[in-house]
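Working notes, beginning with the structure itself.
The values are calculated or read from the model by the stated rules, or taken from the named source; none is laboratory data. Remember, predicted model here, so these are calculated numbers, not experimental data. Positions of Cβ are backbone-derived with ideal geometry, glycine not excepted, and every protein chain shown enters the neighbour counts. Just the protein is used for accessible areas: all its heavy atoms, side chains included, with ligands, DNA and RNA removed. Shrake-Rupley method; radii C 1.70, N 1.55, O 1.52, S 1.80 Å.
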Amino acid sequence: MLGKLALAGIKNRRRDYLVLLAGLTMSAAIFYMFANLATNRAFIKANAVVSQASLIFGFGAVLLILITVVYIMYANSFLLSMRQHDYGLFMMLGATRKRVGELVFLETLILGTIATAIGIVLGLLMSKFLVGFLLNMLGLHLAHLSAFYVPAIIATAVLYVGLFILASLFNLIRLTRTTVLKLLHSDEQANQPKVKPFRQLIQGTLGIIFLAIGYWALAAITTLQMTAIPLALVTITLGTYLLFRATILVIIRGLRRTAWAKKHLNGFLLGQLNFRVHNYTRMLTIVSLLFAMALGAITVGSGYHRQLPMMAKTIGTYTIAVHDKTPAEQKLMDQLHVAYTATYTQKRQGKAVYYNGDEIAKQPVEQQRYKKSGQPEAHLYTQSLKDFKKSGTQDMDFMALALGKIGAYTPKILSAEQFAKQTGKTVTVTTIRVKDLQQDLKPLKQLNKLENKRFAAPASMTVGSYQGYEMMNGFFGGLEFMGYFLGIAFLAMLASCLMFKILSGAPGDQRRYRMLYKVGVRQNLMRWGIAKEIGILFLIPGIMGVIDVLFGLQMFKPLMGAPMSPYLGIGSTFLIFIGLYVIYYLITLALYWRIVLPKTTTD
Amino acid sequence: MTTATTVVDVHGLEKTYGKANERQYKALKDINFSVAEGEFVGIMGASGSGKTTLLNMLSTLDTPTKGDVIVNGHDVTKMRGNQLADFRAQEVGFIFQDFNLLESLTAEENIGLPLALKGTASKIMDQAIHEVAETLSIADLLQKYPAELSGGQKQRVAAARAIVHHPSILMGDEPTGALDSTSARELLDLLTTINQKQAMSVLLVTHDPFSASFCQRILFIKDGQIGSELKRGSQDRAAFYQQILNELGTFNE
Ligand SMILES: Nc1ncnc2c1ncn2[C@@H]1O[C@H](COP(=O)(O)OP(=O)(O)OP(=O)(O)O)[C@@H](O)[C@H]1O
Ligand SMILES: [Mg+2]
């Protein structure tokens, strides 16, 4: 009987349930996709050129789990807010707490399990189609990515069902602890937070101090090393929370006293915000941080990728080195816009490689000098043969011209006569530095492919800055992909967190707007009022998040040296991101309108 | 009384609930009556007789199936959308059984709402609020939130909100329904004062003879029709109360 009643209650609000289910499903799907990328060993082995990639994926996974926990928390409170009136009614009608408790537990768990199951299937499909699409758009190719991966399925199922069991337990405890009356009138309780000027002032000051420490920690990542990130995370969270607590209420109270507040629905808007914002402080803090992480991930990812060619120049002194060029290679080399080229004859014997001093004197080897700060100097330089013999032979780029299975041969420079007498395997190597890497990417790519096919050099060594560029391109492209992926995932979840929290308040608002309707408020005035109210709730964490990112990017300054900068071209990235955020706002608004606005003609 | 201008004029009003292809229920059948300016009229009837339905038609919260409703010269049945909202905001003051106060606003802000909707200047607004608060002796409650008020106090705040913008008619649907007898009595006295001092027409829906005895004229509704009418005339309230009880005795048979 009670089960039937509960089902009827759900049927009445099936649209709200659909929203909830859709949100949870999306979240599970996103998690599956990420888990698939992060745990798929074949995929990682094939692509993690640099071992750090898996570290980054691990870090991403931790963040994703954190936000998932928060997400389910808010989704659950939305669920509870929809149901508690019904539950209260059941209890008043004489249902035992135990029975209602069972009902709550089952309802939450069933909903969660359904969402998880659909989510995994959706995630599978998305892995198959969406990930490929995203990679294509970024011009990346990641090998060995299969959509179906059992450990990822298990990980997703365990995490989600586990979290839902926790949520069910939480609901159970919550319901059995509150009185029937409270459940029935849950949305009528007014809590009017008090403003205490002195305490508020201290909170505000502390908040700003914490924020300052956090931002400083991010900028000082080179000195603080690994402690910087946790330190910043804690202080920025605390700081944001305290700042929100201290300022938002005071601002609203201040506005309420103005004449502006007495026009149209402004007073009501402020009253609503005043009513809500206090309860929302924690969530606004979390959302602002997530916003910052999402935006940060995308900004850094795309920033790296965009600015990589700038850095490629400094990877090596020559763009590419061709050994024993073939006619096909010669053709490609003729297409290059050469800035400097040199051809040397090598004789390789034992662990040494011999060079002809005359050749080196005629075509000196270009070298890179570094400033004290570790930054490369803007121009290359060359040495006289005498100096080169002393120090130049230790140059990494020069040594890399002769690579074998045993590693680099030791370069030795001989006079022309000695060189002629020297025995060993003869190889001619041509180094080319192009004027602009971007301009010659195509022939370089083919040249590099040919070279790699002919000489299976040890994978960890590169010959020429082009090969370095290609490798970093893969790596940073992966980073960019991760940035977009995580960024969009975070955004999706944080926006739905906000959405659920706001929608949880909808049943209470329904009554309020009904009252306004009766008092004679125009429909479009109510629409605008709601748009403003929700807009402000979206805006607050948005602004804080942008500020966090602007400071947070400092962290990447040491990583993105001289020609690159984490701040370069962030405008377009910000725009795209904010566009997505606005779309979420509009969806929330539309849902809210639908739930809250009274029908114009009653029937 | 017959020479005074009419504030409410109802002609051949009908209301049928339910769509044409569904099970229909005729809640109001051919209702005709009028309320003169400054009159205090009561509407009585058993539960389910159609009192709330009638009041909803008059206050434009719902639309009639047939007939005319003219309030202060406006034909309510011809209005649409914003016109309806504006009409409610300007011409009608409403007191509800469950107060209908916004708990996120202070008493003062609640009372000021109809004026804010009109776009009244804040100085004039403050003045009007304090005036009406004096009349209803709630001046010391203005800064409180509804959650901090008793039922009687809430209803007085609601009454203040209903009259602050000087509507042409004040309507109440069982406004004393949720109050204890003392508070109910206070509210009814207040309504009488408002009615007499400000010459504001009052339309009071009630099923309680005591509340009804404060009116000058009472319309009895039975099964969606006006069955009979009682006038207080020059009798005192106690005598009128007795008359109502007698009438109910015969009316309900
Ligand atoms: N929205 C509706 N749809 C269908 N029928 C309705 C609707 N509202 C009211 N009714 C019916 O119309 C009739 C009159 O209802 P109304 O609410 O006007 O009664 P009332 O006189 O106010 O009663 P009470 O004293 O109990 O408040 C009732 O029989 C009721 O069932
Ligand atoms: Mg009624």
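When residues in region B:51-74 are screened for being basic (Lys, Arg) and either within 14 Å of another protein chain (Cβ to nearest Cβ) or within 16 Å of ligand 2 (Cβ to nearest atom) (or both), 1 of them pass. For region A:175-193, the count of residues that are more than 29 Å from residue B:143 (Cβ to Cβ), at pLDDT below 85, open to solvent by less than 30 Å² (accessible area, probe 1.4 Å) and part of a helix (DSSP H, G or I) is nonzero. Determine whether region A:589-597 contains at least one residue that is within 11 Å of another protein chain (Cβ to nearest Cβ), surrounded by fewer than 20 Cβ atoms within 10 Å (Cβ to Cβ) and touching a residue at least 24 places away in the same chain (Cβ under 8 Å). Looking through region A:589-597, none of the residues is within 11 Å of another protein chain (Cβ to nearest Cβ), surrounded by fewer than 20 Cβ atoms within 10 Å (Cβ to Cβ) and touching a residue at least 24 places away in the same chain (Cβ under 8 Å). With respect to (1) free of Cβ contacts under 8 Å to residues at least 40 places away in the same chain; (2) within 11 Å of another protein chain (Cβ to nearest Cβ); (3) within 13 Å of ligand 2 (Cβ to nearest atom), the lone exception for residue B:48 is condition (2). Being at pLDDT below 90, assigned to a helix (DSSP H, G or I) and within 23 Å of the chain's Cα centre (by Cα) is a property that does not hold for residue A:171. Considered as a group, the residues in region B:15-34 that are within 19 Å of residue B:203 (Cβ to Cβ) and surrounded by 16 or more Cβ atoms within 10 Å (Cβ to Cβ) include one that is farthest from ligand 2 (Cβ to nearest atom), and that residue is B:33. With the requirement that a residue be among the hydrophobic types (A, V, I, L, M, F, W, C) and either closer than 22 Å to residue A:452 by Cβ or crowded, with 19+ Cβ neighbours inside 10 Å (or both), what does region A:319-354 give you? Answer for region A:319-354, where residues must be among the hydrophobic types (A, V, I, L, M, F, W, C) and either closer than 22 Å to residue A:452 by Cβ or crowded, with 19+ Cβ neighbours inside 10 Å (or both): A:320, A:321, A:322, A:328, A:332, A:333, A:336, A:338, A:342, A:353. Could you please let me know if residue A:246 is out of contact with any Asp or Glu (no Cβ under 7 Å at 6 or more places or on another chain) and closer than 20 Å to residue A:213 by Cβ? The answer is yes for residue A:246. The residue that is modelled with the highest pLDDT, among those in region A:573-588 that are under 18 Å from the mean Cα position of the chain (by Cα) and open to solvent by 70 Å² or more (accessible area, probe 1.4 Å), is A:575. Hey, any hits in region A:263-272 for a residue that's under 30 Å from residue A:570 (Cα atoms), assigned by TED's automatic domain parsing to the domain that holds residue A:578 and not polar (S, T, N, Q)? Among the residues of region A:263-272, not one is under 30 Å from residue A:570 (Cα atoms), assigned by TED's automatic domain parsing to the domain that holds residue A:578 and not polar (S, T, N, Q), which makes the answer no. Residues considered: A:282, A:348. Of these, the only one that is of a type in the set (D, E, K, R) and at pLDDT below 80 is A:282. Put simply, of A:399, A:461, A:482, A:499 the only residue that is at pLDDT below 75 and crowded, with 16+ Cβ neighbours inside 10 Å is A:482.
Scanning region B:129-154 for residues that are open to solvent by less than 30 Å² (accessible area, probe 1.4 Å), away from chain A (no Cβ under 11 Å) and either among the aliphatic types (A, V, I, L, M) or under 13 Å from the mean Cα position of the chain (by Cα) (or both) returns B:132, B:133, B:136, B:138, B:141, B:142. Any chance region B:154-167 includes a residue that's free of Cβ contacts under 8 Å to residues at least 40 places away in the same chain, outside any loop (DSSP other than H, G, I, E, B) and either over 20 Å from residue B:71 (Cα atoms) or away from ligand 1 (no atom under 16 Å from the Cβ) (or both)? Scanning region B:154-167 turns up at least one residue that is free of Cβ contacts under 8 Å to residues at least 40 places away in the same chain, outside any loop (DSSP other than H, G, I, E, B) and either over 20 Å from residue B:71 (Cα atoms) or away from ligand 1 (no atom under 16 Å from the Cβ) (or both). When region B:176-196 is filtered for residues that are outside any loop (DSSP other than H, G, I, E, B) and in contact (Cβ under 8 Å) with a residue 40 or more places away in the chain, the ones remaining, listed by number, are B:190, B:191, B:192, B:193, B:194, B:195.
So that you can scan it fast, the table gives a plain yes or no per residue for (1) more than 14 Å from every other protein chain (Cβ to nearest Cβ); (2) surrounded by 18 or more Cβ atoms within 10 Å (Cβ to Cβ); (3) in contact with an Asp or Glu (Cβ under 7 Å, 6 or more places away or on another chain); (4) more than 24 Å from residue A:502 (Cβ to Cβ):
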{"position": "A:221", "(1), (2), (3), (4)": "yes, yes, no, yes"}
{"position": "A:258", "(1), (2), (3), (4)": "no, no, no, yes"}
{"position": "A:269", "(1), (2), (3), (4)": "no, yes, yes, no"}
{"position": "A:274", "(1), (2), (3), (4)": "no, yes, no, no"}
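With respect to the conditions (1) within 16 Å of ligand 2 (Cβ to nearest atom); (2) within 19 Å of residue B:96 (Cβ to Cβ), residue B:190 lacks only one, and its number is (1). Among the residues of region B:80-128, the ones that are at the interface with chain A (Cβ under 7 Å from one of its Cβ atoms) and acidic (Asp, Glu) come to 3 in all. Counting only strands (runs of 3 or more DSSP E) wholly contained in region B:1-99, the ones carrying 1 or more residues that are among the hydroxyl-bearing types (Ser, Thr, Tyr) and within 16 Å of ligand 1 (Cβ to nearest atom) occupy B:6-17, B:25-36. Number of residues in region B:137-186 that are touching a strand residue (DSSP E or B) at 6+ places or on another chain (Cβ under 7 Å) and either within 16 Å of ligand 2 (Cβ to nearest atom) or more than 23 Å from residue A:275 (Cα to Cα) (or both) equals 12. If the condition is being within 13 Å of ligand 1 (Cβ to nearest atom) and either assigned to a loop (DSSP other than H, G, I, E, B) or surrounded by 19 or more Cβ atoms within 10 Å (Cβ to Cβ) (or both), then region B:213-230 contributes B:219, B:220, B:221, B:223, B:224, B:226.
Annotation: residue B:77 fulfils all but one of (1) more than 16 Å from ligand 2 (Cβ to nearest atom); (2) of a type in the set (Ser, Thr, Tyr); (3) within 12 Å of chain A (Cβ to nearest Cβ); the unmet one is (3). Please verify whether region A:284-295 includes one or more residues that are of a type in the set (Phe, Trp, Tyr), buried (at least 24 other Cβ atoms within 10 Å of the Cβ), touching a residue at least 12 places away in the same chain (Cβ under 8 Å) and within 14 Å of chain B (Cβ to nearest Cβ). Looking for residues that are of a type in the set (Phe, Trp, Tyr), buried (at least 24 other Cβ atoms within 10 Å of the Cβ), touching a residue at least 12 places away in the same chain (Cβ under 8 Å) and within 14 Å of chain B (Cβ to nearest Cβ), one finds none in region A:284-295, hence no. Being open to solvent by less than 50 Å² (accessible area, probe 1.4 Å), farther than 26 Å from residue A:450 by Cβ and not in a strand (DSSP E or B) is not true of residue A:316.
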